[in-house]
Ligand SMILES: Nc1ncnc2c1ncn2[C@@H]1O[C@H](COP(=O)(O)OP(=O)(O)OP(=O)(O)O)[C@@H](O)[C@H]1O
Ligand SMILES: Nc1ncnc2c1ncn2[C@@H]1O[C@H](COP(=O)(O)OP(=O)(O)O)[C@@H](O)[C@H]1O
Ligand SMILES: [Mg+2]
Ligand SMILES: [Mg+2]
């Protein structure tokens with residue numbers, strides 16, 4: 001069970017080529033961060049995984065099935081994509097309706113659906129907002145509404161497009177905890193983010209993109225301590241790592257505890 | 001007389017059960033950068049809306065107390081006059097884009113047209129800001145088909161092109177890559193050097209620690225802490241208030257707890273580097 005991306009390129013209808021020759025595999029239960037410069041093609045790439053985009057070259061296989069042979073609605077049962085801009089995703093009148101909408105054609109009973117919705121709301125911290133209009137709640141919470149939709153649907157693969165944008169420390173902690181729970185349940189989580197501390201804290205595998213391509217697919221430590229990759233993909237080390245480098249440490253430090261040990265040994 | 005001032009300001013949105021801002025008092029000086037931080041829902045955006053004059057004129061609700069901008073109470077300002085004095089960069093870059101323009105160039109020019117700026121000057125200003133924000137390659141693109149970070153740069157460019165004396169900037173880097181984020185902070189710093197007064201809401205606390213002159217922490221509508229940046233962040237207890245603390249400040253605190261404190265409490269990377277290198281040379285001398 002995996003998503004396989006094989007030699008994929010993608011061009012928008014206006015002819016602009018946004019992805020070139022992508023190759024990677026996401027295993028079931030795996031957690032991966034995608035980082036890289038604005039406009040590198042991250043959002044474009046993940047939209048290929050749930051069929052919102054179909055490759056202009058190459059293939060995307062979801063558990064062995066080519067996305068070209070399925071509709072977005074069909075693939076979305078397996079691959080949930082949470083939009084970068086929540087307002088591109090939300091269209092129902094209440095938060096609860098938004099969460100229930102995706103069960104429209106499901107065979108689950110009303111009670112089962114309700115249990116799923118309640119649990120998703122709890123895990124994403126949006127219980128208090130269930131009966132509100134989505135556009136009356138703040139952006140940072142609206143993002144959790146769009147995440148809750150796929151938590152409830154229980155898709156085996158979940159893609160989060162910049163969930164950390166605009167989140168405060170509570171939101172960041174809630175996201176980290178949510179990813180842990182999903183991983184314990186065997187679900188894959190692919191997260192695009194510009195928050196380098198969040199990447200260091202929560203991901204062992206990181207894909208770095210620049211100029212339409214994947215330029216590295218490695219551990220967080222190796223990526224952050226490869227200055228060529230850091231520069232090319234417009235990312236940065238977490239600040240503690242930068243400080244470690246500036247004072248001459250060669251230990252590939254990323255975390256405060258590691259730097260503290262280095263300084264106090 | 002201070003440049004901007006809030007006196008006993010309390011505000012409640014229409015139909016709301018609680019005050020969104022509670023008895024806020026503050027002086028802002030010209031040419032300084034103020035960082036506004038705090039947990040979401042605390043009232044940061046409401047505070048920005050207030051300083052831009054959108055409260056109560058646009059939102060309605062109950063405003064008590066006084067807000068002075070350049071000595072004049074906000075309710076006495078003409079809205080067109082405010083528009084040319086205060087630039088406001090909204091929190092959500094997806095809503096700042098007008099949606100009615102075909103190209104990024106026209107999108108950035110739109111605000112200037114509304115201000116009645118001459119055509120030649122519009123072209124000159126737009127040409128300058130797109131260079132500054134490294135979006136020259138996008139000027140002919142459709143603003144509705146940009147990536148999230150590209151949109152945020154366009155939104156930022158449209159407002160700084162207006163060259164207002166005061167800038168209210170609500171989370172300008174939420175969609176930006178780390179390099180883009182530090183570029184924006186460099187630009188904000190430059191604007192400050194040019195004498196602009198800037199109110200900046202931002203979650204990226206390391207950068208606030210580095211650039212802000214003063215910090216205001218807002219929680220549940222209250223200004224719970226404020227003052228010089230170095231003083232605010234030396235109090236790591238703030239973590240309990242849902243406020244992030246710079247990693248470097250936490251490191252300074254760790255060093256203290258390990259009985260090896262820095263000579264002065266560092267809150268930025270360059271301060272910490274200096275302290276560490278100093279300690280290192282002391283060790284060698286002994
Ligand atoms: N609908 C579209 N038509 C044409 N070009 C597009 C369209 N959407 C995006 N692009 C372009 O494709 C490139 C990649 O965009 P994408 O949204 O994938 O970037 P990204 O890596 O997600 O960036 P960000 O970090 O800013 O969100 C950008 O240059 C963008 O301008
Ligand atoms: N237009 C509005 N009408 C009613 N209440 C609002 C409105 N905008 C914000 N609020 C409420 O005001 C409080 C402060 O919100 P906000 O200023 O957006 O906080 P922050 O920017 O710190 O996240 C919240 O309780 C929020 O729900
Ligand atoms: Mg994107
Ligand atoms: Mg806000």
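Elements of the type helices (runs of 4 or more DSSP H) sitting completely within the stretch A:184-265 and holding at least 2 residues that are at the interface with chain B (Cβ under 10 Å from one of its Cβ atoms) and either within 17 Å of the chain's Cα centre (by Cα) or within 30 Å of residue A:6 (Cα to Cα) (or both): these cover A:196-202, A:227-232. Among the residues examined, residue B:131 does not qualify as more than 13 Å from every other protein chain (Cβ to nearest Cβ), surrounded by fewer than 21 Cβ atoms within 10 Å (Cβ to Cβ), more than 16 Å from ligand 1 (Cβ to nearest atom) and within 18 Å of the chain's Cα centre (by Cα).
Among residues that are touching a strand residue (DSSP E or B) at 6+ places or on another chain (Cβ under 8 Å) and either closer than 30 Å to residue A:122 by Cβ or away from ligand 2 (no atom under 16 Å from the Cβ) (or both), residue A:181 is not included. The residues listed here are B:38, B:42; of these, the one that is crowded, with 19+ Cβ neighbours inside 10 Å, within 14 Å of another protein chain (Cβ to nearest Cβ), more than 16 Å from ligand 1 (Cβ to nearest atom) and more than 19 Å from residue A:136 (Cβ to Cβ) is B:38. Among the residues of the stretch B:76-118, what is the count of those that are part of a loop (DSSP other than H, G, I, E, B) and more than 20 Å from the chain's Cα centre (by Cα)? Adding up the residues that qualify gives 12. Contact annotation: residue pairs with Cβ atoms under 9 Å, 6 or more positions apart or on different chains, pairing a residue in the stretch B:56-69 that is within 14 Å of chain A (Cβ to nearest Cβ) with a partner that is within 12 Å of ligand 2 (Cβ to nearest atom) and in a loop (DSSP other than H, G, I, E, B), are B:59/B:13; B:59/B:14. Filtered by the rule that a residue be touching a strand residue (DSSP E or B) at 6+ places or on another chain (Cβ under 7 Å) and either surrounded by fewer than 21 Cβ atoms within 10 Å (Cβ to Cβ) or within 14 Å of another protein chain (Cβ to nearest Cβ) (or both), the stretch B:138-161 gives B:155, B:156. Of the residues in the stretch A:21-33, at least one is farther than 27 Å from residue A:202 by Cα and either over 20 Å from the mean Cα position of the chain (by Cα) or free of Cβ contacts under 8 Å to residues at least 40 places away in the same chain (or both).
In this structure, does residue A:93 turn out to be over 19 Å from residue A:214 (Cα atoms), modelled with pLDDT under 95, away from chain B (no Cβ under 14 Å) and more than 14 Å from ligand 1 (Cβ to nearest atom)? Here the answer is yes, as residue A:93 does meet what is asked. When the helices (runs of 4 or more DSSP H) confined to the stretch B:145-214 are screened for residues that are over 27 Å from residue B:123 (Cβ atoms), those reaching at least 3 such residues are found at B:178-193, B:205-211.
Note on the stretch A:139-164: among residues that are without any contact (Cβ under 8 Å) to a residue 40 or more places away in the chain and within 16 Å of ligand 2 (Cβ to nearest atom), the one that is farthest from the other protein chains (Cβ to nearest Cβ) is A:144. Entry remark, the stretch A:19-59: residues being within 16 Å of residue A:192 (Cα to Cα) and within 14 Å of another protein chain (Cβ to nearest Cβ) number 16 in total.
The values are calculated or read from the model by the stated rules, or taken from the named source; none is laboratory data. From a predicted model like this one, the values you see are computed outputs, not experimental measurements. Note that we place each Cβ from the backbone using ideal geometry, even for glycine, and neighbour counts take in every protein chain shown.
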